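The values are calculated or read from the model by the stated rules, or taken from the named source; none is laboratory data. Because the structure is predicted, anything quoted here is derived from the model rather than measured. No Cβ is skipped: glycine too gets one built from the backbone with ideal geometry, and neighbour counts run over all protein chains shown. Just the protein is used for accessible areas: all its heavy atoms, side chains included, with ligands, DNA and RNA removed. Shrake-Rupley method; radii C 1.70, N 1.55, O 1.52, S 1.80 Å.
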Amino acid sequence: AACNDVLRVSEVVAGLRQKIGDGSKYEVGARALGALAAASLYAVAAAVVLHPEVSAPFTAQEVWWAVRDGYVGDLASSLLHHGG
């Protein structure tokens, strides 16, 4: 019965197209977040190499939490000022 209603079928198709279009926005956001996480890990590794005697490096999980929860700037600042 639902397939016989042309308007309903076109609404479903339009809704699916909209969802597909919205999904690409989230994919771009995930890529940006991944790039930010990689850059953060690189910064932590560089700081550890530059200050091996004083740094207590953050774990990869701690860096990921900082990226995920939005305080990666504080983490980087702490690492650069205090070594960990």
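Observations on the structure shown:
- The candidates GLU62, GLU11, arranged from most to least accessible area with a 1.4 Å probe in the full protein assembly, appear as GLU11, GLU62.
- Modelled FRET efficiency - R0 35 Å, SER78 with ASP22, Cβ distances, 0.05 increments: 0.45
- Extension gain for TYR71-ALA46 works out to 7.1 nm (0.36 nm per residue, less the C-alpha to C-alpha distance).
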